[in-house]
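Taking it in order: structure first as structure tokens, then the write-up.
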Amino acid sequence: MRYAEVIVNSPVAQRRTFSYAIPSGLTVSEGQAVLVPFGEKILQGIVMELSRYPAVEDTREIIGVIEPEPLLSPSYISLARWISEYYLSPLFSAVALMLPPGFERKAVTILGVAAGETSGLSLSGEQRRVLDLVGQGSVESRKLERALGKKKAQTVVSQMVRQGLLVRSYEMETVRVRPKKELYISLAGGGGENSKLAVKQAALVAFLRERATPVSWTEARKQTGCSKATADALLRKGLVAFQQVDVKREPISYDDIELSHPLKLTAAQQSAFDSIKSGLRQMVRGNTSPGVFLLHGVTGSGKTEVYLQALAEAVSLGKRGIVLVPEIALTPQTIERFASRFPHRVAVFHSKLSLGEQYDEWHRIKNGEFDVVIGSRSAVFTPQPDLGLIIIDEEYEWTYKQDTSPHYHARDVAVKLAESAGAAVVLGSATPDVGTFYKAHNGDYKLLTLQERVVPSEGAAMPRVEIVDMRDELKAGNRSIFSRSLAEAVNEAIADREQVILFLNRRGGATFVQCRRCGFVLRCRRCDVPLTHHISGDMLICHQCNYKIPVPQVCPNCSSRQMKFLGIGTQKVEQEAGYTFPRARKIRWDSDVTGSKSSHEDILRKFRSHEADILIGTQMVAKGLDIPSVTLVGVISADTSLNLPDFRAGERTFQILSQVAGRAGRGIAGGRVIIQTFSPEHYAIQAAARHDYAAFYEQEITYRRQLHNPPFTQLARLVYAHTNDSLCQREAARMKNLIIEEMDTRGTGGVSLIGPAPAYIPRLRGRYRWQLLLRGSELSAFLSPVPFPRGWTIDIDPVSLVQ
Ligand code: ADP
Ligand code: ZN
Ligand code: ZN
């Protein structure tokens, strides 16, 4: 007898596997998806390990395999174990990250008649009824339950199975994902020539006659401007027909993509590329792990070209790659750069694809149809065979950290995966995470540097950056949100027919509304945060839960009519820009821009083709835009992230300012950046203005060392949420004592605990939140045996303390 350690899809399982016997005749491998009995239920499970001895005496048997091929390779099995142990998440949740989209389904019980004669047997009325319902074939047990009632059906069926009258088997529920279909319209019959048609109807018929073959209805509607009612009228007359046609889901359209060829590398690019190349070659030759490279290069220094050539090298060695980019940078422009170098060999994978698209891509990736998978953090889990290279662009980005359990960081996952798969990792950024750079500095990662921009003309270098002290503006009597320098620079740029980006990392109009008389601030009913005023629609909106109310006429507290709108967001910038630069054409880009993916693309296309002079936006404008005619970038306020109570405030500010500044001067005309701030002497702002990562890093790492912050220590953030505030506080206090006891009994030194204290957002969606912050090393191992009841969230290595 052989046994399997199986992780099951049940909340009971947590971080444990269960032993099952493998029945003779069934072939089961590691990584295989199976069906197993679990209590009264039949559950999906994944085989994590095979063994000759079970972990417990009493084992039940595996019922069957769900798919003939194992779903997880050995490297992914060990990766899932690591995620569960390190991030303290249930093992099945970790495994689920790597399973095909739509995998999680319920098992359905099927009942069939056993062979043999039943007519002579004495059967009860209910048994007869069941046999009638089953008929000659088989039925789902659900059908019997509907007919007889759940309890009754189960008892009768169990009886009949024991008596050998029925046989039970199990199947998975049908997949929710179906082939994609589209509605097509075509002409039907021939007649109707002489019947009288309305103008619109006649136009549609004429259009279809011209096309001869069926046309997608979306296209027909677009071309003719006809409504569905018009088409339906023709359908009733028998003049047209509709049909559903299967279409292939293809996230990349290659229609407008031209093949691109490797560029001749600059000396700096060449030396970075050579290091990666020799790492890859050694890996293939000697099966040594090539380790992690940090490609540190200013924006526009040609990092992407290095990625492309490194990928080509991996492919030439018989390997494949995964490229992660921040969600926000996953634009058609980015995808195109990869797709044009590896035509028809690039898969796209991210959570914004429909389930069907994800399902198709996942299976095609597993079949080895692609050299490169490009996507957001979840793409690190796609089953890319022969994995040789993982590239993470802008590795410091927050979007690589998952904000639900398991709270994994895609960069750390990639490094783990590469270790067990024997692949190389390239982390790229202009402003690396301080922890990442520390590792490179210490020699754990190999540091590759691109110091200069690759520019189309000689002489154009990094843009000039000017810091404007907004306190001086106030002193000089300028109360506008635009300093005199910025206003002048915008006017000049517009006059020269150049383009401008205005950046503010906050959306909405006013960021809070306060009563002038009593000081009352309007807050969300469910979250303890001020409501933001949105100019379009004149609404107050909660940025945490999207709760919306119209602006009240009077103060809810004192009935005064004097409500003051304070703070600025991008909508306010747009409005003010309207007054200050009346002749410039403006366009706004932030996550309030409603509608589909395409409206975002529309905005970019408009700006790119110079249908607007000024682009106003949040961090979305800071990422990956490469528009040569942008010569001026104005930062309306550098202070939005600077004063947050988070030890990473300086790092965030430096990163975002460097990113935005990198949008200017990508063309021959050169560029200029103006940063407005009330803290002009702050080291993060000063260093960003000088494009000086080294200076920023020196200062930052000194502070981190002095204050015992990461990378010199590890953090874990534990948050308990409950609708009752005092109960919530008590539970946090109880957990604190439990953890202190744990430290005493285990004699753990070096772990310190802060709190309990209300979280930065003390109430969210109606639930109060209290937090404990742990500081120390090997916190996962320390916390592992501590029992956390429901309601606790454990975040190992949190990227933000202001959530
Ligand atoms: P990064 O990824 O570091 O921001 P990019 O790869 O976007 O930089 O490069 C900036 C610009 O320089 C792009 O337009 C790119 O096509 C161009 N470029 C990169 N490498 C070279 C090269 N070796 N020769 C000529 N142009 C290059
Ligand atoms: Zn009031
Ligand atoms: Zn809210």
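Among the residues examined, residue 485 does not qualify as closer than 30 Å to residue 321 by Cβ, away from ligand 2 (no atom under 16 Å from the Cβ) and out of contact with any helix residue (DSSP H, G or I) (no Cβ under 7 Å at 6 or more places or on another chain). Restricting the search to helices (runs of 4 or more DSSP H) fully inside segment 86-151 and requiring at least 1 residues that are β-branched (Val, Ile, Thr) and in contact with a Phe, Trp or Tyr (Cβ under 9 Å, 6 or more places away or on another chain) gives 91-96.
Of the candidates 695, 649, 622, 669, the single residue that is at pLDDT 95 or above and either under 26 Å from the mean Cα position of the chain (by Cα) or not basic (Lys, Arg) (or both) is 695. Residues that are of a type in the set (Asp, Glu) and closer than 28 Å to residue 775 by Cα within segment 657-711 comprise 698, 700, listed in sequence order. On the stretch given as segment 396-434, residues that are within 16 Å of ligand 1 (Cβ to nearest atom) and out of contact with any Asp or Glu (no Cβ under 6 Å at 6 or more places or on another chain) total 5.
Taken over segment 32-51, the criterion of being modelled with pLDDT of 90 or more and assigned to a loop (DSSP other than H, G, I, E, B) is satisfied by 32 alone. The set of residues in segment 531-556 that are in contact with a Phe, Trp or Tyr (Cβ under 6 Å, 6 or more places away or on another chain) and closer than 20 Å to residue 575 by Cβ contains only 533. The single condition among (1) more than 28 Å from residue 638 (Cβ to Cβ); (2) within 10 Å of ligand 3 (Cβ to nearest atom) that residue 550 does not satisfy is (2). Annotation: of all residues in segment 91-109 being of a type in the set (Val, Ile, Thr) and surrounded by 17 or more Cβ atoms within 10 Å (Cβ to Cβ), the one that is farthest from residue 132 (Cα to Cα) is 95. Within segment 745-765, if we keep just the residues that are at pLDDT below 90 and in a loop (DSSP other than H, G, I, E, B), the residue that is surrounded by the fewest Cβ atoms within 10 Å (Cβ to Cβ) turns out to be 747. Applying the set (1) in contact with a helix residue (DSSP H, G or I) (Cβ under 6 Å, 6 or more places away or on another chain); (2) surrounded by fewer than 18 Cβ atoms within 10 Å (Cβ to Cβ) to residue 269 leaves exactly one unmet item: (2).
Run down 549, 541, 481 and say which single residue is aliphatic (A, V, I, L, M), more than 16 Å from ligand 1 (Cβ to nearest atom) and touching a residue at least 40 places away in the same chain (Cβ under 8 Å).
Working: 549 fails: touching a residue at least 40 places away in the same chain (Cβ under 8 Å); 541 fails: touching a residue at least 40 places away in the same chain (Cβ under 8 Å).
So the residue among 549, 541, 481 that is aliphatic (A, V, I, L, M), more than 16 Å from ligand 1 (Cβ to nearest atom) and touching a residue at least 40 places away in the same chain (Cβ under 8 Å) is 481.
For the condition farther than 30 Å from residue 602 by Cα and of a type outside the set (Gly, Ala, Ser), residue 290 qualifies.
Out of all the residues in segment 712-731, is one or more free of Cβ contacts under 8 Å to residues at least 40 places away in the same chain and either on the phi > 0 side of the Ramachandran plot or among the aliphatic types (A, V, I, L, M) (or both)? Yes.
Rundown of residues vs (1) in contact with a Leu (Cβ under 9 Å, 6 or more places away or on another chain); (2) under 18 Å from residue 646 (Cα atoms), yes/no style:
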{"residue": "702", "(1), (2)": "no, yes"}
{"residue": "712", "(1), (2)": "no, yes"}
{"residue": "750", "(1), (2)": "no, no"}
{"residue": "767", "(1), (2)": "no, no"}
{"residue": "781", "(1), (2)": "no, no"}
{"residue": "787", "(1), (2)": "yes, no"}
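With the structure loaded, tell me whether residue 63 is surrounded by 15 or more Cβ atoms within 10 Å (Cβ to Cβ), more than 30 Å from residue 793 (Cβ to Cβ) and under 36 Å from the mean Cα position of the chain (by Cα) or whether it fails that test. Please lay out each step first, then the result.
On the way: surrounded by 15 or more Cβ atoms within 10 Å (Cβ to Cβ): yes; more than 30 Å from residue 793 (Cβ to Cβ): yes; under 36 Å from the mean Cα position of the chain (by Cα): yes.
Spelling it out, residue 63 is indeed surrounded by 15 or more Cβ atoms within 10 Å (Cβ to Cβ), more than 30 Å from residue 793 (Cβ to Cβ) and under 36 Å from the mean Cα position of the chain (by Cα).
Yes/no matrix, rows are residues, columns are (1) surrounded by 21 or more Cβ atoms within 10 Å (Cβ to Cβ); (2) outside any helix (DSSP H, G or I); (3) at pLDDT below 95; (4) within 16 Å of ligand 3 (Cβ to nearest atom):
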{"position": "276", "(1), (2), (3), (4)": "yes, no, no, no"}
{"position": "293", "(1), (2), (3), (4)": "yes, yes, no, no"}
{"position": "311", "(1), (2), (3), (4)": "yes, no, no, no"}
{"position": "314", "(1), (2), (3), (4)": "yes, no, no, no"}
{"position": "318", "(1), (2), (3), (4)": "no, yes, no, no"}
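Return a yes/no flag: does segment 592-615 have any residue that is in contact with a strand residue (DSSP E or B) (Cβ under 7 Å, 6 or more places away or on another chain), modelled with pLDDT of 90 or more, part of a strand (DSSP E or B) and away from ligand 3 (no atom under 16 Å from the Cβ). So far as segment 592-615 goes, yes, one or more of its residues are in contact with a strand residue (DSSP E or B) (Cβ under 7 Å, 6 or more places away or on another chain), modelled with pLDDT of 90 or more, part of a strand (DSSP E or B) and away from ligand 3 (no atom under 16 Å from the Cβ).
Put simply, of 564, 572 the only residue that is in contact (Cβ under 8 Å) with a residue 40 or more places away in the chain and over 29 Å from the mean Cα position of the chain (by Cα) is 564. Among residues of segment 51-74 that are closer than 17 Å to residue 7 by Cβ, those with a Cβ under 6 angstrom from a residue that is of a type in the set (Val, Ile, Thr), sequence gap 6+ or separate chain, pair up as 62/22; 62/34; 62/36; 65/34. Considering each residue of segment 47-54 in turn, none proves to be out of contact with any helix residue (DSSP H, G or I) (no Cβ under 9 Å at 6 or more places or on another chain), closer than 21 Å to residue 105 by Cα, surrounded by fewer than 16 Cβ atoms within 10 Å (Cβ to Cβ) and of a type in the set (A, V, I, L, M, F, W, C).
What about residue 644, is it within 23 Å of residue 796 (Cα to Cα) and within 27 Å of the chain's Cα centre (by Cα)?
yes
Taking strands (runs of 3 or more DSSP E) as the structural unit, those lying wholly within segment 474-561 and holding at least 1 residues that are buried (at least 20 other Cβ atoms within 10 Å of the Cβ) and over 35 Å from the mean Cα position of the chain (by Cα) correspond to 512-515.
Does segment 522-529 contain any residue that is in contact (Cβ under 8 Å) with a residue 40 or more places away in the chain, within 11 Å of ligand 3 (Cβ to nearest atom) and aliphatic (A, V, I, L, M)? Looking for residues that are in contact (Cβ under 8 Å) with a residue 40 or more places away in the chain, within 11 Å of ligand 3 (Cβ to nearest atom) and aliphatic (A, V, I, L, M), one finds at least one in segment 522-529, hence yes.
Pick from segment 227-273 the residues that are aromatic (Phe, Trp, Tyr) and away from ligand 1 (no atom under 16 Å from the Cβ): which of them is farthest from residue 364 (Cα to Cα)?
Taking segment 227-273 and keeping what is aromatic (Phe, Trp, Tyr), we get 242, 254, 273.
Applying the additional criterion that residues be away from ligand 1 (no atom under 16 Å from the Cβ) yields 242, 254.
Details: 242: 31, 254: 17 Å.
Step by step, filter segment 227-273, then rank; the result is 242.
When you go through (1) acidic (Asp, Glu); (2) in a helix (DSSP H, G or I); (3) out of contact with any helix residue (DSSP H, G or I) (no Cβ under 8 Å at 6 or more places or on another chain) one by one for residue 58, which number turns out not to apply? The one condition residue 58 does not meet is (2). Checking each residue in segment 379-408 for being outside any loop (DSSP other than H, G, I, E, B), closer than 17 Å to residue 323 by Cβ, within 13 Å of the chain's Cα centre (by Cα) and not hydrophobic (A, V, I, L, M, F, W, C) picks out 399, 400.
Among the residues of segment 347-389, those identified as in contact with a strand residue (DSSP E or B) (Cβ under 8 Å, 6 or more places away or on another chain) and among the basic types (Lys, Arg) are 364, 377.
The values are calculated or read from the model by the stated rules, or taken from the named source; none is laboratory data. All values derive from a computational prediction rather than experimental measurement. Cβ sites come from the backbone with ideal geometry, for glycine too, and all protein chains shown count toward neighbours.
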